[in-house]
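The values are calculated or read from the model by the stated rules, or taken from the named source; none is laboratory data. Note that this is a predicted model, so its numbers are computed, not measured. So basically every Cβ, Gly included, is an ideal-geometry build from the backbone, and we count neighbours across all protein chains shown. Surface accessibility is based on the protein's heavy atoms, side chains included, excluding ligands, DNA and RNA. Shrake-Rupley method; radii C 1.70, N 1.55, O 1.52, S 1.80 Å.
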Amino acid sequence: MNMTAEAIAVKPINLTADHLAQDQSTTITVGEISSPNPRMECRDVNVWYNANQAIKNVSLDIGQNEVIAMIGPSGCGKSTFLRCLNRMNDTIPAARVEGSIQLDGQEIQDKSIDVVPLRARVGMVFQKPNPFPKSIYENIAYGPRIHGLTNSRAELDELVETSLQRAGLWKEVKDRLDAPGTGLSGGQQQRLCIARTLSVSPEVILMDEPCSALDPIATAIIEELIDELRQQYTIAIVTHSMQQAARVSQRTAYFHLGDLVEVGTTDDIFNQPKHKLTEDYITGRFG
Amino acid sequence: MSPSLLLFIILAAMALAYHLGRKRAIGVAGGITQINRLHSLPAYYGYYAALWVGLPSLLLLLFWAGLQGQILTALTLAELPLETTANLSEGQLSLLVSDIRNLADGNLMGREPSAEVEAAAAHYQRLQGIATATLWALVGAMVLAGMAWAWQHTTPSFRARNRVESIAMIVLILFSSIAILTTLGIVLSVLFESIRFFQQVPWTEFLFGTKWSPQIALRAEQVGASGAFGAIPLFTGTLLISFIAMLLAVPVGLLSAVYLAEYAPRQVRAWAKPVLEILAGIPTVVYGFFAALTVAPFMRGLGESVGLDIASESALAAGLVMGIMIIPFVSSLSEDVINAVPQSLRDGSYALGATQSETIRRVIFPAALPGIVGGVLLAVSRAIGETMIVVMAAGLAANLTANPFESVTTVTVQIVTLLTGDQEFDSAKTLAAFALGLTLFVVTLILNVIALHIVRKYREQYE
Ligand SMILES: Nc1ncnc2c1ncn2[C@@H]1O[C@H](COP(=O)(O)OP(=O)(O)OP(=O)(O)O)[C@@H](O)[C@H]1O
Ligand SMILES: [Mg+2]
């Protein structure tokens with residue numbers, strides 16, 4: 001987590017801001033990209049949508065029991081990068097991903113890797129809530145059912161309840177579990193989707209702006225949840241809220257036009273950013 | 001002096017009126033710089049003037065074209081000496097009228113016209129001249145009056161836009177009522193003819209009778225004058241063939257839709273979809289002889305080789321070919337519905353570690369189900385109403401059977417056979433066709449209502 005002298009020594013790509021070239025394809029990340037206890041290691045990841053490059057040479061580790069926040073102006077590629085981590089970009093025909101992404105030392109970019117168990121291990125909450133056109137109960141029960149996680153209806157009921165409780169939705173919906181999930185409000189749908197992801201207990205959780213439609217109380221519940229999940233899991237969260245990034249994350253990565261400009265401990269990024277672009281962004285002069 | 005010339009003149013007058021109306025509006029506003037004093041944009045004043053100039057004359061022209069012939073004929077006939085027309089039958093009278101008109105229009109006739117006919121034709125021509133002159137005078141007056149009216153009403157505070165929009169709405173209503181009234185007219189005429197049929201044959205016999213042999217004597221003294229009008233065998237025949245067709249079309253169509261929408265690489269889709277749509281473009285008569293000449297003998301041969309007795313006009317052959325015809329309906333409707341399921345739902349399912357087939361079965365299919373059911377029911381009503389294939393491939397004998405190897409007949413086949421050939425249109429035999437048509441209509445209507453209901457019910461639940 002903390003920058004160590006050896007880490008800098010063995011990672012020659014960590015240079016200072018002075019070395020930044022103007023050419024974006026050779027932008028070099030400022031700060032410590034590696035993590036002492038990494039779950040996921042991304043090296044030189046490039047993503048194109050047709051001829052459009054959305055992610056440029058991004059290298060980043062995501063460590064065990066760590067929450068990493070990804071910030072940056074709209075359209076800079078945060079969602080695109082997050083989708084690389086569980087190969088969700090496979091579903092976009094135009095998208096092409098290059099580079100190395102490893103989960104526990106195993107290359108996931110390998111075409112021979114089965115994405116189904118990968119995605120069961122690396123869960124995702126999408127930027128736009130996407131509840132299934134099923135009842136609230138069935139929305140949560142879907143994942144456990146296909147993976148055969150429970151043996152009886154009672155167990156499933158319990159799993160549904162705990163998932164909803166952790167996402168802070170249980171009180172609002174416990175009397176109408178049979179109502180369609182699509183009939184919930186935007187913020188409720190967002191929490192439903194978080195609960196749905198929790199129900200299959202993924203090891204790594206990717207959250208793309210999970211609180212964008214939530215009020216401060218629901219946001220606080222989700223932030224508490226993230227902090228609690230950190231004890232067991234690995235979490236990457238995209239957010240537009242600096243305060244949220246500061247509150248929940250231990251490390252922060254700043255993206256800009258497809259480049260990973262700077263990454264470091266959340267304290268460092270917010271208190272003493274090294275790169276001019278990062279500083280502009282967090283002080284509100286940009287984006 | 002033809003009506004088309006008049007039509008052209010009216011349209012030209014409308015164009016002119018538009019320009020005058022616009023100019024006038026700008027004028028009353030006090031110049032092009034002042035047009036914001038007007039309630040509406042100047043063009044609306046132009047439209048207003050054009051509508052006042054054109055619409056009344058166009059309506060007049062329409063009525064005139066419809067009624068002129070009849071009125072002139074009546075006037076001409078009234079002029080004829082009484083003894084000529086008094087004891088003519090309806091047929092002879094219409095022959096006389098067409099003689100007079102032909103002569104008046106200068107068409108050649110086979111035989112030499114009588115003096116009376118020639119006189120009448122001359123009279124007819126004279127009347128025609130008067131009528132045309134009157135029409136021109138009326139149209140001219142209406143055009144001028146319309147322009148004057150619009151001219152007078154063009155003041156800065158006049159709400160030209162609102163007026164033009166409400167006139168446009170009325171015109172739209174008129175046009176949509178044409179479609180509705182036509183439908184209503186057809187339904188009513190079928191209904192009235194059916195009522196006539198049910199006066200001769202009790203409806204209980206028609207709906208619940210199991211024997212169909214619509215033989216009616218041409219002459220009263222002929223033996224075996226009474227027929228049997230029990231339509232049950234026809235309905236079971238229709239249902240049997242439609243059922244066989246759906247049994248083929250629903251699985252094949254649905255599975256190919258799933259393949260095309262979810263699995264097929266883009267290149268495969270690029271040619272497979274058009275090929276399926278070509279199936280929909282084949283005329284049903286081609287399917288008909290395909291069924292009668294290829295499939296039916298093949299089925300018969302197949303039956304013989306395994307020791308089954310399959311009639312040469314079996315329900316099976318007709319149903320299978322009809323099923324092939326319907327496959328593209330089911331598949332292209334279902335594919336559209338499956339494609340309309342948002343990608344975000346698929347993503348949501350994949351992100352939970354679901355496989356593609358789990359996603360299709362548990363997320364996409366339920367979400368698309370209402371649309372698929374709607375498409376299938378549409379295909380069913382298409383199958384029930386299909387005529388050409390069954391006329392050629394299904395039998396004529398009204399067998400009451402559920403055995404697909406036997407020959408059955410359908411409602412549509414019977415309608416065709418009842419109405420082809422020389423028939424008097426008030427015998428129970430021909431009227432039965434209307435009753436069958438009415439029943440078919442009601443059944444398809446009910447199916448469509450059910451389809452809509454299902455679609456709406458699922459919508460409420462899922463959206
Ligand atoms: N499916 C797609 N097809 C083509 N281009 C895409 C697609 N998705 C994203 N892009 C492009 O990739 C770039 C990065 O998009 P991305 O969604 O990753 O941004 P983001 O950082 O998540 O933005 P936001 O904060 O607004 O969510 C954008 O320029 C976008 O136009
Ligand atoms: Mg995004």
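Worth a mention:
- Residues in segment A:66-83 that are away from ligand 2 (no atom under 16 Å from the Cβ) and assigned to a loop (DSSP other than H, G, I, E, B): A:66 alone.
One line per residue, one yes/no per condition, for (1) under 28 Å from the mean Cα position of the chain (by Cα); (2) within 30 Å of residue B:21 (Cβ to Cβ):
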site: B:171; (1), (2): yes, yes
site: B:174; (1), (2): yes, yes
site: B:182; (1), (2): yes, no
site: B:187; (1), (2): yes, no
site: B:206; (1), (2): yes, no
site: B:210; (1), (2): no, no
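- Selection of segment A:110-127 for residues being open to solvent by less than 20 Å² (accessible area, probe 1.4 Å) and more than 7 Å from chain B (Cβ to nearest Cβ) yields A:118, A:122, A:125.
- Residues in segment A:36-65 that are part of a loop (DSSP other than H, G, I, E, B), over 16 Å from the mean Cα position of the chain (by Cα) and touching a residue at least 12 places away in the same chain (Cβ under 8 Å): A:36, A:37, A:50.
- Search result, residues across segment A:94-109 that are within 14 Å of chain B (Cβ to nearest Cβ) and either touching a Phe, Trp or Tyr at 6+ places or on another chain (Cβ under 8 Å) or in a helix (DSSP H, G or I) (or both): A:94, A:95
- Flag for residue B:384 being buried (at least 23 other Cβ atoms within 10 Å of the Cβ), at pLDDT 85 or above and not basic (Lys, Arg): no
- Among the residues making up segment B:389-414, those that are crowded, with 21+ Cβ neighbours inside 10 Å and either assigned to a helix (DSSP H, G or I) or small (Gly, Ala, Ser) (or both) are B:389, B:390, B:391, B:392, B:393, B:394, B:398, B:407, B:411, B:412, B:413, B:414.
- Residue satisfying all of: in segment A:205-222; away from every other protein chain (no Cβ under 12 Å) and of a type in the set (Val, Ile, Thr); most open to solvent (accessible area, probe 1.4 Å) among these: A:217
- Among (1) surrounded by 12 or more Cβ atoms within 10 Å (Cβ to Cβ); (2) not in a helix (DSSP H, G or I), the one test that residue B:132 misses: (2)
- Scan of segment B:244-267 for residues that are within 14 Å of chain A (Cβ to nearest Cβ), surrounded by fewer than 15 Cβ atoms within 10 Å (Cβ to Cβ) and assigned to a helix (DSSP H, G or I), ordered by number: B:263, B:266, B:267
- Of the helices (runs of 4 or more DSSP H) contained entirely in segment B:293-373, those carrying at least 1 residues that are within 14 Å of another protein chain (Cβ to nearest Cβ) and small (Gly, Ala, Ser) fall at B:315-340, B:343-350, B:356-359.
- Residue within segment B:146-160 that is surrounded by fewer than 12 Cβ atoms within 10 Å (Cβ to Cβ), of a type outside the set (Phe, Trp, Tyr) and outside any helix (DSSP H, G or I) present: yes
- Test for residue A:260: is it within 16 Å of ligand 2 (Cβ to nearest atom) and surrounded by 22 or more Cβ atoms within 10 Å (Cβ to Cβ): yes
- Residue B:75 being open to solvent by less than 50 Å² (accessible area, probe 1.4 Å) and modelled with pLDDT of 80 or more: no
- Residues in segment A:51-81 that are open to solvent by 50 Å² or more (accessible area, probe 1.4 Å) and either within 14 Å of another protein chain (Cβ to nearest Cβ) or near ligand 1 (Cβ under 7 Å from one of its atoms) (or both): A:52, A:74, A:75.
- Residue that is surrounded by the most Cβ atoms within 10 Å (Cβ to Cβ), among those in segment A:135-175 that are in contact with a helix residue (DSSP H, G or I) (Cβ under 8 Å, 6 or more places away or on another chain) and polar (S, T, N, Q): A:139
- Pairing each residue of segment A:79-92 that is in contact (Cβ under 8 Å) with a residue 24 or more places away in the chain with any residue that is more than 11 Å from ligand 1 (Cβ to nearest atom) and part of a loop (DSSP other than H, G, I, E, B), provided the two are 6+ apart or on different chains, yields C-beta distances under 7 Å for A:86/B:351; A:87/A:108; A:88/B:351.
- Comparison of A:164, A:156, A:225 shows that the only residue that is more than 24 Å from the chain's Cα centre (by Cα) and either part of a helix (DSSP H, G or I) or away from chain B (no Cβ under 14 Å) (or both) is A:156.
- Among the residues listed as A:205, A:194, the single one being assigned to a strand (DSSP E or B), among the aliphatic types (A, V, I, L, M), in contact (Cβ under 8 Å) with a residue 24 or more places away in the chain and away from ligand 1 (no atom under 16 Å from the Cβ): A:205
- Neighbours by Cβ (under 8 Å, 6+ apart or cross-chain): first from segment B:309-322, assigned by TED's automatic domain parsing to the domain that holds residue B:412 and over 14 Å from residue B:293 (Cα atoms); second open to solvent by 10 Å² or more (accessible area, probe 1.4 Å) and of a type in the set (Lys, Arg): B:310/B:300
- Residues located in segment A:97-109, provided they are within 16 Å of ligand 1 (Cβ to nearest atom) and at positive phi: A:99
- So residue A:130, is it without any contact (Cβ under 8 Å) to a residue 60 or more places away in the chain and either within 16 Å of ligand 1 (Cβ to nearest atom) or open to solvent by less than 60 Å² (accessible area, probe 1.4 Å) (or both): no
- The number of residues in segment A:130-153 being in a loop (DSSP other than H, G, I, E, B) and facing chain B (nearest Cβ under 9 Å) comes to 5.
- For segment A:246-261, a residue qualifies if it is within 15 Å of residue A:279 (Cα to Cα) and assigned to a helix (DSSP H, G or I), and exactly one does: A:246.
- Residue pairs meeting the criteria (Cβ under 7 Å; at least 6 apart or on separate chains; first within 16 Å of ligand 2 (Cβ to nearest atom), in segment A:113-127; second of a type in the set (Val, Ile, Thr) and open to solvent by less than 40 Å² (accessible area, probe 1.4 Å)): A:124/A:197; A:125/A:194; A:125/A:197
- Test result for residue A:240, open to solvent by 10 Å² or more (accessible area, probe 1.4 Å), over 27 Å from residue A:98 (Cβ atoms), within 16 Å of ligand 2 (Cβ to nearest atom) and over 12 Å from the mean Cα position of the chain (by Cα): yes
- Test: residue in segment A:82-96 that is away from ligand 1 (no atom under 15 Å from the Cβ) and open to solvent by 10 Å² or more (accessible area, probe 1.4 Å): no
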